[in-house]
Amino acid sequence: MPTSVLIEVGEGNLREGVNSFLRSILEKKMLDALLVPLELPSGGMTAPALVSDPAMLGNANPLAPIMTVSTARLASSLTKVAASQRKVGVVLRPCELRALIELIKLKQASRENLVFIGVDCYGTCSVKDYNRLCQETPAPAEELLKRVKSGDESLLRDACRVCEYPAPINADIAIGLIGTDTGKGFLVRADSAEGESVLEGLGLKPGVAVPEKEREKAVAELAASRTKNKNELYSRFEVETTGVDNLLSVFSACVNCHNCRVACPLCYCRECFFDSATFDWEAEKYLGWAEKRGAVRLPADSLLFHLTRLNHMATSCVGCGLCQEACPNDVPVFPIFRKVGEELQKMFGYVPGRSLEDELPLSVFREEELGEVGES
Amino acid sequence: MTTENRNSNAALVIGAGIAGIKVALEIAESGARVYLCDRQPHIGGTLVQLDKWFPDNHCGLCKILPVFNRDRTGQYCLRRGLLHPNIELLLHHQVKKVEGKPGRFSVTLKPEYPRVNPELCTGCGICEAACPVTDDANFNQVPGGHRAIFLHHPLALPKTYSIDAERCTRCGACVDACPTRAISMSAPDEGLQLKVGAIILSTGFENFDATTATQYGYQRYPNVITGLELERRPGGSGPFPGVLYRPSDGAIPRSIAFLQCVGCRDRKRDYCSSACCMYAIKEATMIKEMYPDTDVNIFFMDLRAFGKGHHRYYDKARDELGVRFTRQRVPAVKQDFRTGDLLIMAFDQSGEVITSRFDMVVLATGQTPSREFEETCQILGIKTNKWGFAATGAFSAVDTTREGIFVCGTASTPQDIADTLVEATAAAGRAMGFLGSEKALPVTPPRPGEEEAGAAVILCNCYGQVGQTINLREIADFCHRAPGVAYVEEVVHLCHPETWREVKARLSESGVNKAVIAACSLLPPPGLYEDTCIELINIREQLAWVHRDDGLKATEKAGRLVNMALEKIHSQEYVPPPEGESVVPGALVIGGGLAGLSAARAIAERGFGVEVVEKSDALGGNAGHVFSLLGGENPREYLENLVDEVKNHPRIHLRLNTEVVGVTGHIGNFKCTLKDERSETADIEAGAIIVATGAGESRPSEYLYGRAGQVITQRELEAGLASGRIDAAALRSVAMVQCVGSRDKDRPYCSRVCCSQALKNALNLKLLNPETEITVFYRDIMSYGFREEYYTRAREAGVLFVRYEPEQKPQVSLEDDVLEIRATDPVTGNVVIIRPDRLVLSPAIVPPDDNTALSRVLGIGLTGDGFFREMEAKFLPVDSPRAGIFLCGLASRPQDIRETITQAGAAAQQAAALLSRSRLTGGKAVSLVNERRCSGCELCIAACPYEARVKNVEKGVARVIEALCQGCGACAAACPNGAASLRELKDQQLFRILDAAL
Amino acid sequence: MEDKKEGITGEYGETAGKEEFEPSLVGFFCNWCTSTAADLAGTTRLQYPPNIRPIRVMCSGAVDPVYVLRALCSGADGVIIGGCPPGDCHYISGNYKTRRRMAALKTILKTLGLDDDRVWVRWISASEGAKFARTMREFTEAMRKKGPNPLKNRWSI
């Protein structure tokens, strides 16, 4: 039985409660540093930071419903060259944690000496909406929680409204909010031996009855409602994003800025194929293409870019939707990538982020499979 | 310096089937020259007629091509041809005279006439159209086929037409029709003189002529066909690809009977053809895969699935695919003339005659020496055995009766492809010892690109074969206008030697180092690729001949193909050639038994150092327990000599009580850690490793072994008889039980040697005491090849053979110290009761437990049975999955002493060929890493099938071990951003080709 | 050689002329099996339409899906990949990797409503000249029936 503890907090003190839990980890030297979002001095907006001084955690806001960058990316930067010698806790939303698992499989991050602290996530807002929320209320996290629990998901990003993974998987320590009366407390559970030893070191012992069952049920319900949202999203975009005409039409707003690729936690290439010399052409080439079709759009190859990016990362796409946030021209990249990713993952029976043991679908094969490919 | 005092650095290989090709490649790769001759005008022998081979029912012929030095050998399907700068093909030639002595033979060869000159023949087929004679047996084995001049095999290279001298009327129609004047009817007198150091005979076999087995009605009943005909009919290049029609009415057969041992295991040919059981099972398997409902019944005497993995294949055919097996020699086949169905008369268990009806009957014909073989052997001055195969020694399967002349494959004994390839490799190794000094092949680096020089375009009209469909003028005009083309040359016949010389001369004069050659699938001779970037396109087979009806579009397509090729070579970046890695010129041999010692001696004789590591404190291994061979020869003397030679050889270093505990590095550069009995470690380097760790004998748990003193093993009997501890004169009755612990659920393999051992010991006992009653309880007697004769002799000597089914094993009991064996004869149902003085068991050969640990150390896998796995069961039977590590002896599979010596010779040859290289390089077309772009994601490492990509941990990027890279491009396709690429096909190049294509 | 401009007027200009549509097809054929089969088809003089533009690669496993995408975006009406039959790969397992990659690629195309039937994968062994010719005929015919790749003449791609 994993250690599971309900940490009680006073009404309206959820953030403070979580922060003190995190602070105690550093104070008791269970871990040497924490990668966690801190609120910026200007207030409201947060940015992830590597924190070694427990005092700094007063500014932490891991529940703030905003994700400007995927922490998976940051954990990759932190560990790719050489794994940490000291123990670092990384506070991750479920999608970030799943992306990080994929990056570890892609050798872009190291699992070594990292402790994953996963946090339940009801969803996040766009930067614009979050700023508005911050102006409206001093406690945006709690406010959004309240709204979402009461069924108002209008402030959530599309990606979050359709997210079927509100609870973290593969965490060492999970911080549970779903199915818990967050007015009174939150749940802390060790999901690995590593997590156990941290909680033990903190002296956390199961006290009051922990609402595990309730949480499970609530997570399932939330996931189900999100599946419903997802299907609605698909049907909303289905017409818009399928077929040559529609695709060319939606991608007509694409300016090849490749921001989607920059934001994507899984686009890990040091130099993107599409920024490489492979796509440097002499003027004659461009003229040749123009002659062939009468005209050629510049910058060229936007459809090819998106199709290729799908081919490269969609099997591992965790649906975080940061690509959508990054697009300056509102090209519906999220619904496209989410849907294609889902189809690919279904085909290979692969769930990105599910397990470090699952092999990347395009790195392996079985001799007896896919007989329909190559059939005549 | 005169040549007379030196051994020739060339070998002559007679017979260009699979064995001959393998010998030639091995010798060529060891740095010597080879003349590969064949009476036929094409290479490939019997093998190219077969589409698929067990155990995996695939083609894999190309896998015998050398992996190093790739650019200099033809990188094409071997069904098409063999290109190697050290190999000269002398096809359609016969050896007429052999003089001289080993190292300095003088050989006379004569071309066969009527003759099509391979240098002039373009394969256009006009001659065939002109020929008035038709014939009835051809490549596809379908009656009503070809003319007297014909293309034997449509893929053959050189694509030379053959003339069937027997059918040809010498009318001369083809001579007049041939546009290149390639055909001549009569022979000039002079032959060809060659000086060679060694000769290897690899002429193969001929299928038994089934018409002479009249009881089966072959060629009288249309639905009786041979196994080879069955191969061809539904073959991919056969007459009816993918379907099996019954010859008489074109129906899909619902029932097929295979009759085994047609033409062998009889009085006239008292030997077993070794391969027929397996080829019948393979064909049955393929029929079942095509038509699961077709009843396939194999009528056999003993099911000889004795090779590696064969028993599992047999089990699968029987248990999973439902192939039926009926133990019975079918006396005759009758035809129902109304339906064309065939009736097989047979006796059932009770002796009643029963008749079964089949849609088709397939005769599994045996292997016989070819008709001309006797004559060839006389010319070579070598002896044949009583069945007409080349005679070989008890301890060498490849030495003939004349020094310097070797034999391999089915010329000396019937065998399958895997065994043939082992012998061929071993024969090459033996021959190398008689050739002049070995030298590594020089590597000519390609010139760096001189951009301004431009490219040449060479268009071959092939005597109008191309021009009749394609307007070459138009292509030439287009090329003239295309940017970067230095000159365009249109030639009538590029592969004519004269034309070829001129074209090459012009290429080098003009200074261009890039060329597009638009010709045919006849490849330019090697030597051109080295300093020129060539893109070859095939506008004959892949254009003019397949788009005859639409010249306009074909011309447009040809233009595009030339353009695509120009785009490719124009965008070819110059990358300095791979330097290659140096090779440690020594080998590590693991195991000091017969296999290891044989391999060590052979490698040392080739001039390389050898470290021999033996786990125990003694040399000799299992062979020390063998006191005589089946033919009566004494192996102890052989072994003692071998041990002495190895001990005293200056280049061999022995380490007893030592194990290998660590191996890092790769082919050419292994670093091995050894540990001795005092647990002290030593590090050594080796360019090649030979695994010869042997195997053990299982300790029987059945038949009261260990509980009754009378129950012993064959090995114990042999030792007892040799030492006199067992007195044959006192033995009244002896029983033997075969397959103790073999061919069952736990060990689904045949231990291969035990039947011969039982026959040997039974015959010995009978010799010592003819009165001894001997009863052998067996399942199938595995007296394959010429061992069959001893089976016959044993029966003649009165040895009683009683078969048992694995479900009904003989029951052994002991009462008052009297041993009793009870068994039920599955044929008669009679219960046999014997009370022998001794019960002799044939226990299984079992791989040692420490194979698992060693396989981990070596990074190579084991088979399901626990023996070391080879790279590819059929075509690479000596290579382990890790390049540079070779297998031989019982470590690889159960086999007898002579087979072990052969495989050790083969492993030694492969190691020596490797060690003789000064540097290891792959081809030009290896893959590259753009370190700046590489993110270190390792997708390329996962994709590489050769472990040629590793992580450079310091830099965090991938690294290519060029010696291992085969240039397949799997890494480049897996890499998301082009950091992994092929040297000669980068992404942008491909995009440019696509642009030109569309 | 020279590209025929087919009187395209605008983004959605219909190009299908009166004559029968001739698809432009690209084939990636592996060196060991399918290219050999292509030669065999020639030797046995089997006829097939000239629409296919063959590109020889050492192994079907070298075909990066981006090549196929590029071909389609550049206006290929169909792309066919020819490799050794499963289990037969000269490079041990290249065709198994191809199979997964192409299955993934086809799923991407299909999900986006791009016609994945324009991408064919076929295993054609060295001895299957007849299968090669038949496959080329079938492929050309199927692509002819489909009509032009709608990406063909879009300037805005």
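The values are calculated or read from the model by the stated rules, or taken from the named source; none is laboratory data. Computed from a predicted model, the values in this text were never measured in an experiment. Glycine gets a Cβ as well: all are built from the backbone with ideal geometry, and neighbour counts include every protein chain shown.
Checking B:LEU639 against (1) touching a helix residue (DSSP H, G or I) at 6+ places or on another chain (Cβ under 6 Å); (2) part of a loop (DSSP other than H, G, I, E, B): exactly one of these is not met. Which one?
Just one mismatch for B:LEU639, condition (2).
Suppose the filter is surrounded by 24 or more Cβ atoms within 10 Å (Cβ to Cβ), under 13 Å from the mean Cα position of the chain (by Cα) and touching a residue at least 40 places away in the same chain (Cβ under 8 Å); does C:GLY94 pass it? Don't jump to the end; show me each part of the working.
Values: surrounded by 24 or more Cβ atoms within 10 Å (Cβ to Cβ): yes; under 13 Å from the mean Cα position of the chain (by Cα): no; touching a residue at least 40 places away in the same chain (Cβ under 8 Å): yes.
In short, no.
Among the residues of the stretch C:97-128, how many are crowded, with 21+ Cβ neighbours inside 10 Å, facing another protein chain (nearest Cβ under 7 Å) and within 27 Å of C:GLU20 (Cβ to Cβ)?
Here the count works out to 3.
Identify, please: which residue in the stretch A:232-245 is within 9 Å of another protein chain (Cβ to nearest Cβ) and among the acidic types (Asp, Glu) and is, among those, nearest to the chain's Cα centre (by Cα)? Show your work before the answer.
Of all residues in the stretch A:232-245, those within 9 Å of another protein chain (Cβ to nearest Cβ) come to A:238, A:241-245.
Next cut, among the acidic types (Asp, Glu) only: A:238, A:245.
Details: A:GLU238: 24, A:ASP245: 31 Å.
Per the stated criteria, the residue is A:GLU238.
Could you figure out which of (1) out of contact with any helix residue (DSSP H, G or I) (no Cβ under 8 Å at 6 or more places or on another chain); (2) more than 11 Å from every other protein chain (Cβ to nearest Cβ) isn't true of B:CYS934?
Result: B:CYS934 passes all but (2).
Name the single residue that is farthest from B:PHE406 (Cα to Cα) among those in the stretch B:327-382 being loosely packed, with under 13 Cβ neighbours inside 10 Å and within 30 Å of the chain's Cα centre (by Cα).
The residue in question is B:ARG371.
Looking at the stretch A:325-337, can you tell me whether even one residue there is farther than 21 Å from A:SER249 by Cβ and either more than 7 Å from every other protein chain (Cβ to nearest Cβ) or among the aromatic types (Phe, Trp, Tyr) (or both)? Working first, answer last.
The initial filter retains those residues of the stretch A:325-337 that are farther than 21 Å from A:SER249 by Cβ, namely A:325.
Next, from what is left, pick out any that are either more than 7 Å from every other protein chain (Cβ to nearest Cβ) or among the aromatic types (Phe, Trp, Tyr) (or both): A:325.
Yes: one or more hits.
So the check is Cβ under 9 Å with 6+ separation or different chains; which pairs have a first residue in the stretch A:347-376 that's at the interface with another protein chain (Cβ under 8 Å from one of its Cβ atoms) and a second one that's exposed (fewer than 14 other Cβ atoms within 10 Å of the Cβ)?
Listed pairs, sorted by first residue: A:PRO361/A:GLY349.
Among the residues of the stretch C:131-150, is there at least one that is under 23 Å from A:GLU367 (Cα atoms) and within 7 Å of another protein chain (Cβ to nearest Cβ)? Outline the logic, then answer.
Here is the first cut: in the stretch C:131-150, the ones under 23 Å from A:GLU367 (Cα atoms) are C:131.
Still in the running and within 7 Å of another protein chain (Cβ to nearest Cβ): C:131.
Yes: the stretch C:131-150 contains one or more residues that are under 23 Å from A:GLU367 (Cα atoms) and within 7 Å of another protein chain (Cβ to nearest Cβ).
Within the stretch A:174-186, is there a residue that is touching a helix residue (DSSP H, G or I) at 6+ places or on another chain (Cβ under 9 Å), at pLDDT 90 or above and in a loop (DSSP other than H, G, I, E, B)?
yes
Tell me, please, whether a residue that is assigned to a loop (DSSP other than H, G, I, E, B), over 19 Å from the mean Cα position of the chain (by Cα) and surrounded by fewer than 22 Cβ atoms within 10 Å (Cβ to Cβ) can be found in the stretch A:46-62. Give the steps one after another, and end with the answer.
Within the stretch A:46-62, the first condition is being assigned to a loop (DSSP other than H, G, I, E, B), and the residues that meet it are A:52-53, A:61-62.
If we keep only those that are over 19 Å from the mean Cα position of the chain (by Cα) as well, we get A:52-53.
From the residues that got through so far, the ones that are surrounded by fewer than 22 Cβ atoms within 10 Å (Cβ to Cβ) too are A:52-53.
Yes, some residue in the stretch A:46-62 is assigned to a loop (DSSP other than H, G, I, E, B), over 19 Å from the mean Cα position of the chain (by Cα) and surrounded by fewer than 22 Cβ atoms within 10 Å (Cβ to Cβ).
Looking only at the stretch B:255-273, which residues are out of contact with any Cys (no Cβ under 9 Å at 6 or more places or on another chain), of a type outside the set (Asp, Glu) and at pLDDT below 95?
Passing the criteria: B:GLY263, B:ARG267, B:LYS268, B:ARG269.
For the stretch C:35-77, which positions are more than 7 Å from every other protein chain (Cβ to nearest Cβ), in contact with a helix residue (DSSP H, G or I) (Cβ under 7 Å, 6 or more places away or on another chain) and in a helix (DSSP H, G or I)?
Selection gives C:ALA37, C:SER60, C:VAL68, C:LEU72.
Given the residues B:ARG540, B:ARG548, which is the only one that is modelled with pLDDT under 95, assigned by TED's automatic domain parsing to the domain that holds B:PHE478 and more than 36 Å from the chain's Cα centre (by Cα)?
Numbers: B:ARG540 fails: more than 36 Å from the chain's Cα centre (by Cα).
Selected residue: B:ARG548, the only one of B:ARG540, B:ARG548 that is modelled with pLDDT under 95, assigned by TED's automatic domain parsing to the domain that holds B:PHE478 and more than 36 Å from the chain's Cα centre (by Cα).
Of everything in the stretch A:214-247, what is assigned to a helix (DSSP H, G or I) and touching a Leu at 6+ places or on another chain (Cβ under 7 Å)? Give them in sequence order. Reasoning before the result, please.
We begin by selecting, within the stretch A:214-247, every residue assigned to a helix (DSSP H, G or I); these are A:214-241, A:244-247.
Within the stretch A:214-247, A:ARG215, A:THR241, A:VAL244, A:LEU247 meet the criteria.
Within the stretch C:23-34, which residues are within 7 Å of chain B (Cβ to nearest Cβ) and either farther than 14 Å from B:CYS62 by Cα or assigned to a helix (DSSP H, G or I) (or both)?
Taking the stretch C:23-34 and keeping what is within 7 Å of chain B (Cβ to nearest Cβ), we get C:24, C:26, C:31-32.
Answer for the stretch C:23-34, where residues must be within 7 Å of chain B (Cβ to nearest Cβ) and either farther than 14 Å from B:CYS62 by Cα or assigned to a helix (DSSP H, G or I) (or both): C:SER24, C:VAL26.
Conditions tested, residue by residue: (1) among the hydrophobic types (A, V, I, L, M, F, W, C); (2) surrounded by fewer than 21 Cβ atoms within 10 Å (Cβ to Cβ).
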| residue | (1), (2) |
| --- | --- |
| B:LYS557 | no, no |
| B:LYS568 | no, no |
| B:GLY580 | no, yes |
| B:VAL584 | yes, yes |
| B:GLY591 | no, no |
| B:ALA595 | yes, no |
| B:ALA599 | yes, no |
| B:GLU605 | no, yes |
| B:GLU611 | no, no |
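Name every residue in the stretch B:899-938 that is more than 18 Å from B:VAL67 (Cα to Cα), hydroxyl-bearing (Ser, Thr, Tyr) and surrounded by fewer than 24 Cβ atoms within 10 Å (Cβ to Cβ), in order of residue number.
Matches in the stretch B:899-938: B:SER935 only.
Being surrounded by fewer than 24 Cβ atoms within 10 Å (Cβ to Cβ), touching a residue at least 60 places away in the same chain (Cβ under 8 Å) and away from chain C (no Cβ under 14 Å), is that true of even one residue in the stretch B:939-956?
No, the stretch B:939-956 has no match at all.
Within the stretch A:246-273, can you find the residues that are at the interface with another protein chain (Cβ under 7 Å from one of its Cβ atoms) and farther than 17 Å from A:GLY321 by Cα? Steps first, answer last, please.
Just the residues of the stretch A:246-273 that are at the interface with another protein chain (Cβ under 7 Å from one of its Cβ atoms), to begin with: A:247-248, A:252, A:268-273.
Result: A:LEU247, A:LEU248, A:SER252, A:CYS269, A:ARG270, A:GLU271, A:CYS272, A:PHE273.
Every residue in the stretch B:233-251 that is within 18 Å of B:ARG357 (Cα to Cα) and in contact with a helix residue (DSSP H, G or I) (Cβ under 9 Å, 6 or more places away or on another chain), please.
B:PRO247
Would it be correct to say that A:LYS107 is in the same structural domain as A:PRO65 (by TED's automatic domain parsing), charged (D, E, K, R) and at positive phi? Break it down stepwise before answering.
On the way: in the same structural domain as A:PRO65 (by TED's automatic domain parsing): yes; charged (D, E, K, R): yes; at positive phi: yes.
So A:LYS107 fits the description; yes.
Regarding the stretch C:2-14, can at least one residue be identified that is at pLDDT 95 or above and at the interface with another protein chain (Cβ under 7 Å from one of its Cβ atoms)?
Residues of the stretch C:2-14 at pLDDT 95 or above: none.
Scanning the stretch C:2-14 turns up no residue that is at pLDDT 95 or above and at the interface with another protein chain (Cβ under 7 Å from one of its Cβ atoms).
Which fully enclosed strands (runs of 3 or more DSSP E) of the stretch B:150-257 have 2 or more residues being within 30 Å of B:LEU120 (Cα to Cα)? It would help to see each step written out before you state the result.
On the way: elements: B:192-196, B:198-201, B:224-226.
Result: B:192-196, B:198-201.
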